Amino acid sequence: MELNIKRLTEEEFSKFAKLIYDESGIYMKDSKITLLSNRLRKRLSALSLSEFSDYYSYLEKLTGDAKKKEYEELLDVVSTNETYFFRNERHFEALTDYCLPELAKIKKDRKLKIWSAACSTGEEPYTIAICVMEQMKLFHGWDIEIIATDIAPSVLEFAREGYYSGRRIEKVPPELLKKHFTIEDKEKGVYKINDDLKKMVNFYYLNFFKNPFPKNIDIIFCRNVMIYFDKVHQKELVANFYQSIYDLGYLFIGHSETLHSISEDFVYKKILEAPIYVPRPRS
Ligand SMILES: C[S@@+](CC[C@H](N)C(=O)[O-])C[C@H]1O[C@@H](n2cnc3c(N)ncnc32)[C@H](O)[C@@H]1O
């Protein structure tokens, strides 16, 4: 049902912005009032509510599983999920041609664990899986795990399905498209991820500021999400990554992000033209 819902008032915006910040670390400047109004409208429509204030009161009254579910829905509509295959392709060149061969050389336990933290609709972890697949000759008999997590349930559902088209797959080199995807709908240009690739990636719900992190990770990708957090949350996030990462591991962050004045636990390292961070040796 389409309802004619107005824009948030400044007071309503402040209340929602605080709630979203407290729940997810996502920091919304005052200039985001129209954006937030548009995104929240989806929840109001779904619940047949006509006022933002009614939705706020509804959220306040919820308890138990109903609260958990609606808060997940709220963060789902609020989050920005832009992504595509081979985004910042230099990262994937460095992953394929440097990081994976290095780890194959030094890891005696023959375990490879990669985490796509804030994976959105799955293009990032599946791109990682393609790179690992392309280097599979180095990892025969290894225990390989690619974990992909996000705060938005709908993107995780989309990712698990594994259908992609248009801009999302534009940067996949033709030979890799042919090798790792199957055409699902020729007219619409929809491709399905092949099952062997799909099986390599496990998708989970994880809110950086509410849930425990996976441990013993060799490579962490956390790209284009820190920009939504303030410094306090960026610091907390990166400190927790340091606890999760293998001593000789790699941390990939977005091209427009930096750890300057956020963390001294990681050292900047340019690898094959790609900006990457490595953990500082632990004393
Ligand atoms: C712009 S996408 C980045 C996708 C991918 N990493 C890339 O670079 O293409 C940002 C993702 O961060 C997720 N996100 C935002 N806040 C989060 C939080 N507190 N915990 C986990 N994920 C979060 C959003 O749901 C969204 O899917």
Residues located in region 54-74, provided they are in a helix (DSSP H, G or I), open to solvent by less than 50 Å² (accessible area, probe 1.4 Å) and either charged (D, E, K, R) or closer than 16 Å to residue 20 by Cβ (or both):
55, 56, 59, 70, 71, 72, 74
Residue pairs qualifying under the 6 Å Cβ cut-off, at least six apart or on distinct chains, with the first in region 22-42 being assigned to a loop (DSSP other than H, G, I, E, B) and the second being of a type in the set (Asp, Glu), are 27/230
Selection from region 216-238 of residues that are open to solvent by less than 10 Å² (accessible area, probe 1.4 Å) and part of a helix (DSSP H, G or I)
226, 237, 238
Residue pairs, Cβ under 9 Å, 6 or more apart or interchain, first in region 101-116 and outside the structural domain of residue 254 (by TED's automatic domain parsing) and open to solvent by 90 Å² or more (accessible area, probe 1.4 Å), second at pLDDT 95 or above and of a type outside the set (D, E, K, R). List them.
none
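Restricting the search to region 141-167, which residues are closer than 28 Å to residue 209 by Cβ and charged (D, E, K, R)?
Applying the first criterion (closer than 28 Å to residue 209 by Cβ) to region 141-167 yields 145-161.
Correct list: 145, 150, 157, 160, 161.
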Of all residues in region 75-94 being more than 12 Å from the ligand (Cβ to nearest atom) and farther than 19 Å from residue 180 by Cα, which is surrounded by the most Cβ atoms within 10 Å (Cβ to Cβ)?
94
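Identify all residues within region 239-273 that are part of a loop (DSSP other than H, G, I, E, B) and within 22 Å of residue 93 (Cβ to Cβ); write none if there are none.
Within region 239-273, 254, 255, 256, 257, 258, 259, 272, 273 qualify.
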Among helices (runs of 4 or more DSSP H) lying entirely in region 152-212, which contain 2 or more residues that are at pLDDT below 95 and more than 21 Å from the chain's Cα centre (by Cα)?
none
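The values are calculated or read from the model by the stated rules, or taken from the named source; none is laboratory data. Keep in mind the model is a prediction, meaning the values are calculated, not measured. All Cβ positions, even for glycine, are placed from backbone atoms using ideal geometry, and neighbour counts span all protein chains on display. What goes into the accessible areas is simple: the full protein's heavy atoms, side chains included, and nothing from ligands, DNA or RNA. Shrake-Rupley method; radii C 1.70, N 1.55, O 1.52, S 1.80 Å.
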